[in-house]
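Undergrad: Just passing along the structure, written as structure tokens.
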Amino acid sequence: MLTVGLTGGIGAGKSEVSRLLVEHGAVLIDSDRIAREVVAPGTPGLAAVVDVFGPDVLAADGGLDRPRLGSIVFADPEKLAVLNSIVHPLVRDRSRELESAVPEDAVVVHDVPLLTENGLAPLYDVVIVVDASPGTQLDRLVRLRGMTEEDARARMAAQATREQRREIADIVIDNDVPLDALRKRVADVWDDLARRARQGSAGAE
């Protein structure tokens with residue numbers, strides 16, 4: 001098994017890269033999706049979040065009001081750290097459970113937005129960083145996700161810098177490019193990952 005940590009700044013296009021890798025045959029473990037699961041209604045994770053941040057972070061249906069919670073934690077690094085201390089251990093345990101169920105020869109891509117910030121690079125055989133300029137990130141967040149420029153800049157500022165992400169990368173995928181160019185780059189990266197996985201499987205025999 002080859003474990004890959006995939007990360008990138010918000011709006012860099014990491015989700016598109018993960019989708020393309022899955023098309024090539026990767027097994028995807030999406031930390032964002034798991035993070036939603038572990039704070040779903042009725043879970044101990046949601047109860048812990050409400051205990052710390054209060055019932056105001058609940059929506060009318062009893063689920064987590066993500067925009068409300070986001071407006072609280074992304075403006076306050078200490079509160080963000082508290083939230084992460086609740087959610088991240090739950091995500092880590094669920095990710096390990098999912099990884100244990102995949103075939104031994106698989107390329108397992110862990111989509112981890114805060115891989116850099118949380119010092120997780122050593123957990124993976126390969127770290128891929130999807131890179132885009134701050135201007136591209138801002139444009140995508142405002143134009144495609146409907147964020148205000150102020151909110152978008154706050155989210156970007158709460159993450160690691162572009163330079164910090166690139167420092168931990170084994171592979172950088174430039175996503176300031178047209179989709180066709182991105183597809184070609186991801187195909188080349190996949191060939192590299194598949195080769196590493198075959199070598200690892202052969203070495204384990």
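Undergrad: Based on what the data block shows, is ALA48 out of contact with any Asp or Glu (no Cβ under 6 Å at 6 or more places or on another chain), modelled with pLDDT of 95 or more and farther than 28 Å from GLU167 by Cα?
TA: Judged against the criteria, ALA48 is a match.
Undergrad: Still on this structure: Applying the selection to region 1-12, what residues are touching a strand residue (DSSP E or B) at 6+ places or on another chain (Cβ under 7 Å) and open to solvent by 20 Å² or more (accessible area, probe 1.4 Å)?
TA: MET1
Undergrad: When region 125-179 is examined, which residues are found to be surrounded by 13 or more Cβ atoms within 10 Å (Cβ to Cβ), under 23 Å from GLY70 (Cβ atoms) and among the small types (Gly, Ala, Ser)?
TA: ALA132, ALA152, ALA154, ALA158, ALA160
Undergrad: On the basis of being charged (D, E, K, R), surrounded by fewer than 19 Cβ atoms within 10 Å (Cβ to Cβ) and touching a residue at least 40 places away in the same chain (Cβ under 8 Å), does GLU23 make the cut?
TA: In short, no.
The values are calculated or read from the model by the stated rules, or taken from the named source; none is laboratory data. Bear in mind the structure is a predicted one, so any value in this text is a computation, not a measurement. Because the Cβ atoms are built from the backbone with ideal geometry, glycine has one as well, and the counts that use them run over all protein chains shown. Side chains are part of the model used for accessible areas, which takes the heavy atoms of the whole protein and leaves out ligands, DNA and RNA. Shrake-Rupley method; radii C 1.70, N 1.55, O 1.52, S 1.80 Å.
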